[in-house]
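Take a look at the structure set out below.
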Amino acid sequence: MCGIVGAVAERSITAVLVEGLKRLEYRGYDSAGVALLDDQGVLQRRRRVGKVSELETALSSEPLPGRLGIAHTRWATHGAPSERNAHPHFSGSDLAVVHNGIIENHEQLREQLKGLGYVFSSDTDTEVIVHLLDHKLKSQPDLTAALKEAVKELHGAYGLAVISAKQPDRLLAARSGSPLVIGLGLGENFLASDQLALRQVTDRFMYLEEGDIAEIRRDSVQVWAADGQPVVRETVQYHEGAEAADKGAYRHFMLKEIHEQPKVVQRTLEGRLGSDHVLVQAFGPLAAELFAKVRNVQIVACGTSYHAGMVARYWLEELAGIPCQVEVASEFRYRKVVVQPDTLFVSISQSGETADTLAALRNGKELGYLASLAICNVGISSLVRESDLCLLTLAGPEIGVASTKAFTTQLVALMLLTLSLGQVRGTLDKALEAELVDELRRLPTRLGEALAMDSVVDKISELFAEKHHSLFLGRGAQYPVAMEGALKLKEISYIHAEAYPAGELKHGPLALVDSDMPVVTVAPNNELLEKLKSNLQEVRARGGELIVFADEQAGMRNGEGTHVVNMPHIHDALAPILYTIPLQLLSYYVAVLKGTDVDQPRNLAKSVTVE
Ligand code: HGA
C-alpha cells in the first residue's frame with residue numbers, strides 16, 4: 001500500500017528518496033510527499049496529488065536539498081487524496097511523520113489533542129501521531145524516548161518514520177503491523193517499507209520486527225524490541241537481481257510478468273521434486289510429521305490468492321481425499337468458526353503482509369488448528385514468520401498491481417501441497433503422483449506454448465472494445481479460473497465481468513445474455529466437456545458471442561459467433577494453471593485497447609496492508 005522511504009546521510013538525499021518512492025509507487029499512488037531538513041536547519045516539505053512524477057516536477061522547479069529526510073507515497077484510508085492529506089504530516093514547524101497503516105483510536109486522540117490546543121490541518125488518522133509525539137516531547141525532550149511513549153497510546157497498525165529539526169542527528173522508525181526495513185550504507189543509513197526502494201543504495205538490510213523502535217543515525221543503528229529492551233536484529237545481504245524492478249523491453253510490468261511465468265514456475269518447482277514424488281521436506285523439517293496428522297484443510301486468502309485457494313480445494317478433495325474449506329480472510333477473521341479436529345490452516349498471500357490474511361492467521365492461532373502453513377512470495381514477510389510452516393512461491397517481485405505470476409506460482413505450490421498431503425497420508429495413488437510429477441516438470445514448456453498464442457488473444461480482445469459487461473464460465477476446477485479471469489478483466493479494463501460455474505447459467509444469469517455480452521469459457525478436455533458444450537449452446541441460442549479456450553483434442557470448432565482458441569493438451573489436474581494464461585493475456589490486451597493504466601489501475605493498490 002503506502003510506501004515509506006527515509007535517509008540520514010552526509011550528502012543530499014533528495015534524489016535517493018524520490019527514486020525510492022518511484023520504486024514503491026506500484027503499492028499506492030494517490031499522492032506523494034517529502035520532508036527534508038535543509039542546511040539552515042529548517043524542515044521543509046513538498047507534497048503533490050497524483051504520481052511521484054508530479055512531486056519530482058515540483059522538486060525540479062523548486063529544489064529541496066537535505067541530508068535528513070522522509071518521503072511517502074499514499075493510498076488514502078482516512079481523508080480524500082489531496083495535498084493537505086498527503087504525508088509527511090507536521091506538528092509545528094520542527095517535527096515530521098510519515099505513516100503506513102491505520103490508527104483505529106484516531107478520533108479519540110484527535111479530541112484529546114484538540115483539547116490540548118493542537119490544530120489539525122488534515123483529515124488523516126496519521127496527523128494524531130505527530131501531534132501526540134509533539135505533546136510527549138514537552139515532558140520527555142529526547143525524541144526516541146518520546147516516540148516510545150507515544151506509540152503506547154496508538155491502537156491499530158503503523159509503520160512510522162519520524163524526523164525532527166531539533167534533533168537532526170537521527171531518523172526514527174517504529175513498526176507495528178506494517179513492515180519496515182533499514183538499509184545499511186557506509187556512513188549513511190536508510191529506511192523503507194520494502195527493501196526494493198533501497199536496492200539502488202545498498203544490498204544490506206535489517207528487518208524490523210513487530211513492536212520494534214529504531215534510532216537510525218549516519219553511522220549507527222540502535223533497535224529496541226516490543227518489551228523496551230535493546231535488541232540486535234540480523235543483517236541480511238540481498239542477492240535477488242535488481243533488474244526485477246525494471247520492465248525491460250516490455251510495455252508494461254504486467255506483460256513482462258505474464259511472460260516470466262515459465263521461468264518462475266520452473267524456479268518454484270526446483271529442488272522440490274524427486275524422481276516420482278514431491279519432496280515433502282520442501283515444506284520444512286516438521287512437515288512430514290504434521291502432514292501425517294492432517295484430516296482437514298482450511299484455506300484463507302483474499303482476491304487472486306483466494307481463487308488459488310478455490311482451485312486447491314478441488315485438488316485436495318479429488319487427488320488427496322482431504323476435506324477442504326476455503327474462505328476470504330476479511331470474512332473469516334470476524335466469524336465464529338468451528339474448527340474440525342486436526343485441521344491444517346493454510347494462508348495464501350503474495351506479499352505476506354495482507355492485513356486481513358494476517359489477522360485471520362493470528363485469530364486462527366487461538367482457535368486450535370493443528371498447525372499453520374503460509375504460501376507466500378516474500379520470505380521475510382510477517383505471514384511467513386508467524387506461520388509454523390511455509391512454502392515460498394519464487395515468483396520474484398511482482399510490480400503490476402493485477403497479480404499474474406504470483407497466482408500461477410501459488411497454484412504450483414498448492415499442487416505440491418496436495419501431492420505431499422496425499423503422499424504422507426497414503427491417500428494418493430503412487431502411480432498418479434509419479435504421473436503428475438512428470439507433468440509438473442513439463443509445465444514450464446506448456447506455459448511457454450500458451451504464451452505463444454499472445455497475438456491470437458490480442459486479436460480476440462477487439463471483441464471487447466465497445467463492451468461494458470461480460471461473463472466468464474468454467475466447470476470444476478476451471479470455475480475458479482473463470483473467477484480469476486473475470487477479476488483480471490475488472491481490475492485493469494474496468495469492464496464489468498462476472499464468473500459462473502457453467503451449470504449455473506440457466507438458474508439466472510442466462511437472462512443477461514444477448515449480443516452485447518461476450519461470454520468467455522475455459523474448456524479443457526475432461527469429463528465435464530459434453531455438459532459444458534450444452535451450456536455453450538444455451539448461450540448461442542440467445543445470440544451471445546462465445547470466446548472458448550479449448551483443448552486442441554476437444555473437437556470444438558469456430559462458427560458464427562463462436563471464437564475457439566486451441567490450447568495445448570495437458571493433464572486435466574494441471575489445466576487450471578495453463579488456462580489462466582490466455583485469460584491474463586485477454587484482460588491485458590483489452591486494457592491496452594481501452595487505454596487504461598495497466599500497471600496501476602484506479603482505486604487499487606498492491607499488497608493490501610490495511611483492513
Ligand atoms: N491512514 C493513512 C495511511 C494509509 C495507508 O497506509 N495506506 O496504505 C492515510 O490515510 O493517510
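Summing charges over neighbours of PRO65, with a neighbour being any other residue whose Cβ is under 9 Å away from its Cβ, gives -1 when K and R count +1 and D and E count -1.
Filter the trypsin sites (Lys or Arg not before Pro) in the range 291-358 to those in DSSP coil with at most 14 other Cβ atoms within 10 Å of their Cβ, and list the result.
Answer by residue number: LYS293, ARG295, ARG335, LYS336.
Distance between the pseudo-spin-label points of LYS459 and GLU270 (7 Å out from Cα toward the beta carbon): 3.7 nm. Taking Cβ atoms as reference points and 10 Å as the exclusive limit, the residues near ASP514 contribute a net charge of -1, counting Lys and Arg as +1 and Asp and Glu as -1.
Taking every DSSP bridge with both residues inside the range 178-336, close to 75 percent are antiparallel. With both labels modelled 7 Å from their Cα along Cα-to-Cβ, the ALA434 to SER534 distance reads 3.8 nm. Using θ = phi - 60° in the Karplus curve 6.51 cos²θ - 1.76 cosθ + 1.60, the 3J(HN,Hα) couplings for the range 227-237 round to 7, x, 7, x, 9, 10, 8, 4, 9, 10, 8 Hz; x is entered for Gly and Pro. Estimated from helical segments only, the mean residue ellipticity of the chain at 222 nm is -10500 deg cm²/dmol, where each DSSP H run of four or more residues counts as -39500 (n - 2.57).
Near SER91: Cβ cut-off under 12 Å, other residues only, Lys/Arg at +1 and Asp/Glu at -1. The net charge is 0. Applying both filters, DSSP loop and at most 12 other Cβ atoms within 10 Å, to the GluC sites (Glu not before Pro) of the range 202-242 gives GLU234. A Förster radius of 41 Å, combined with the Cβ-Cβ distance separating VAL339 from LYS467, puts the computed FRET efficiency at roughly 0.40. Averaging Cα coordinates gives a centre for the range 453-482 and one for the range 543-611; these two points are 4 Å apart. Here the spin labels are modelled as points 7 Å beyond Cα on the Cα-Cβ line, and at GLN108 and GLU210 they lie 2.1 nm apart.
We did not get these values from a lab; they are worked out from the coordinates using the rules stated. Here the structure is a predicted model, which is why all the values come from computation and not from measurement. Note that each Cβ is placed from the backbone with ideal geometry, even for glycine, and that neighbours are counted across all protein chains shown.
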